[in-house]
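Working notes, structure below.
The values are calculated or read from the model by the stated rules, or taken from the named source; none is laboratory data. Bear in mind the structure is a predicted one, so any value in this text is a computation, not a measurement. So basically every Cβ, Gly included, is an ideal-geometry build from the backbone, and we count neighbours across all protein chains shown.
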Amino acid sequence: MEKQLNINVEERVERAQNFFKAGYNCAQAVVMAFDDVMGLSAEELARLAAPFGGGMGRMREVCGTVSGMAFLAGAIKPSADPSNLDERKENYALVQAFAEKFRAENGDIVCRRLLGLEPIVERNETAMPSERTAEYYRKRPCSEYVGCAARIVAEHLAK
């Protein structure tokens, strides 16, 4: 489906980070920055990507930005026919390439490790999202991870 789009990498990064700073979670922000690629409205994408924030439902597993990139890979290299293993291979290869670039730049793809919340037994996570305050943005690197993920996808689409 690799659509011919005018992809400005810096604009996609800025757009994703602005969505995050407006209160959307990490996965939503990355996916919403590519609504034209997905062929859905930002609102629809916000609904669909919501569960992936906070390392999937705030469980601090795979970073929501990485899940957002995987979500986008479904539109970039779709795999809808379960019998078409070549399409599935291309989709999985793109997901793996996105994740590896993110890992190479950030050291990991797991939310709790990226946020320094290890060991897991010391975490006291609930389903309640953190309130978005100036302190939240100051101590969390999530906006940078959102920008990184958006840049990785945008660079892929721009080639």
Could you tell me how many of the residues in region 142-159 are over 17 Å from G107 (Cα atoms), in a helix (DSSP H, G or I) and not small (G, A, S)?
4
Among the residues of region 66-98, what is the count of those that are in a helix (DSSP H, G or I) and either aliphatic (A, V, I, L, M) or buried (at least 17 other Cβ atoms within 10 Å of the Cβ) (or both)?
17
From the residues in region 28-65 that are charged (D, E, K, R) and in a loop (DSSP other than H, G, I, E, B), which one is surrounded by the most Cβ atoms within 10 Å (Cβ to Cβ)?
R60
The residue that is surrounded by the most Cβ atoms within 10 Å (Cβ to Cβ), considering only those in region 1-27 that are under 21 Å from P78 (Cβ atoms) and at pLDDT 95 or above, is A27
Can you confirm whether E61 is free of Cβ contacts under 8 Å to residues at least 12 places away in the same chain and among the charged types (D, E, K, R)?
no
Inter-residue pairs, beta-carbon under 7 Å, first over 15 Å from F71 (Cβ atoms) and in region 95-108, second modelled with pLDDT of 95 or more and outside any helix (DSSP H, G or I), 6+ apart
R103/I109
So, in region 11-67, exactly how many residues are touching a Lys or Arg at 6+ places or on another chain (Cβ under 7 Å) and within 17 Å of Y136 (Cβ to Cβ)?
4
When residues of region 7-31 are limited to those that are of a type in the set (G, A, S) and in contact with a helix residue (DSSP H, G or I) (Cβ under 7 Å, 6 or more places away or on another chain), the one nearest to G57 (Cα to Cα)
A27
Exactly one of (1) surrounded by 15 or more Cβ atoms within 10 Å (Cβ to Cβ); (2) part of a loop (DSSP other than H, G, I, E, B); (3) not aliphatic (A, V, I, L, M) is unmet by K101. Its number?
(2)
Failed item in (1) out of contact with any Phe, Trp or Tyr (no Cβ under 8 Å at 6 or more places or on another chain); (2) at pLDDT 95 or above, with A73 passing the rest
(1)
Applying the selection to region 102-135, what residues are modelled with pLDDT under 75 and either in contact with a Leu (Cβ under 7 Å, 6 or more places away or on another chain) or of a type outside the set (D, E) (or both)?
P119, I120, V121, R123, N124
